[in-house]
Structure formats: C-alpha cells, structure tokens
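First comes the structure, then the notes that go with it.
Throughout, read-outs are computed from the coordinates displayed, never taken from laboratory work. Since this is a predicted model, take the numbers as computed values, not measurements. We place every Cβ from the backbone using ideal geometry, glycine too, and count neighbours over all the protein chains shown.
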Amino acid sequence: MTLRLIDGVEELLGKLQMLMPENQQLLLAFAEFLLERQIQSMPNNASVEVAPCPPQKRVLGLHQGMGWMSDDFNDPLPDGFWLGEA
C-alpha cells in the first residue's frame, strides 16, 4: 500500500462533507484519538501547536427533512403531566 499525501485542506474537507453525519462523528473521534496518541508519544519537553480552526459557515438546508414536529406541539399539556401522573 502506498501512502499518498493529502493535496490540501480543501480535499479533506470536501471528503468530510460527503460523509453521513454519523461517519463524520466517527472521523472526528478517530482524529482526536490520533492526536492524543501523537502527544503521548512525544517527549515531555516537546509541545504541540494546534492551529485554531476558522469559523465554519452554516449551510442552510443541510438537514432538511430529517426532523419533524407534532401537529399538537403548541397544545397545552394535560394536568397529569404537571402532576407527574403519566
């Protein structure tokens, strides 16, 4: 297997955005694991400089259709709810 260097941050972000949200979470957890392992393998006097992430722009409609709200959302709750009966 040959190791290929990533051409740039844009390529990595492009692939990340194509992943489903649950796979994005897995990738984030794996990156944190790798960073922690890297820090632990370094000598105690070495420091790791992590560049601050630029603020990400919000994407309108990214999760469109993934949630719903009940038709009776704004209706008053029954007394049993407030009294802890059901």
Review point. Which length gain, in nm to one decimal place, applies between ALA29 and LYS57 when the Cα-Cα distance is subtracted from 0.36 nm times their residue separation?
Key: 7.9 nm
Exercise for review: Treat each spin label as a single point 7 Å out from the Cα along the C-beta direction, and report the MET18 to ILE39 distance in nm.
Suggested key: 3.1 nm
